[in-house]
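> Input: one structure, supplied below.
Every number here is computed from the coordinates shown, using simple stated rules; none is lab data. Fair warning: this is a prediction, and the values are worked out from it, not measured in the lab. Methodologically, a virtual Cβ is constructed for each residue, glycine included, from the backbone with ideal geometry; neighbour enumeration extends over all protein chains shown.
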């Protein structure tokens, strides 16, 4: 049996949180953009993950 699913905002946010935990901050903006391109509307947590990553990348 094949089970297809489309990632949602929770899936993308979880990935961004994992990238932050692994100090792969450059992957967060990429994931955020991918989420938007997939038609997912970023929520407060997703925007926070992006902000955290961008703050680190700007240092």
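> Within the range 17-41, count every residue that is surrounded by 17 or more Cβ atoms within 10 Å (Cβ to Cβ) and closer than 19 Å to residue 5 by Cα.
4
> Among the numbered conditions (1) exposed (fewer than 15 other Cβ atoms within 10 Å of the Cβ); (2) assigned to a helix (DSSP H, G or I), tell me where residue 13 comes up short.
It is condition (1) that residue 13 fails.
> Quick check on my filter: what residues within the range 42-59 are in contact (Cβ under 8 Å) with a residue 24 or more places away in the chain and either farther than 22 Å from residue 5 by Cβ or assigned to a helix (DSSP H, G or I) (or both)?
45, 46, 49, 50, 52, 53, 54, 56, 57 - these are the residues of the range 42-59 that are in contact (Cβ under 8 Å) with a residue 24 or more places away in the chain and either farther than 22 Å from residue 5 by Cβ or assigned to a helix (DSSP H, G or I) (or both).
> Let me spell it out: the conditions are (1) over 10 Å from the mean Cα position of the chain (by Cα); (2) buried (at least 16 other Cβ atoms within 10 Å of the Cβ), and residue 7 meets all of them except one. Which number is the exception?
(2)
> If you don't mind, there's one more thing I want to ask. Since residue 56 meets every condition but one in (1) surrounded by fewer than 19 Cβ atoms within 10 Å (Cβ to Cβ); (2) within 11 Å of the chain's Cα centre (by Cα), which condition does it not meet?
(2)
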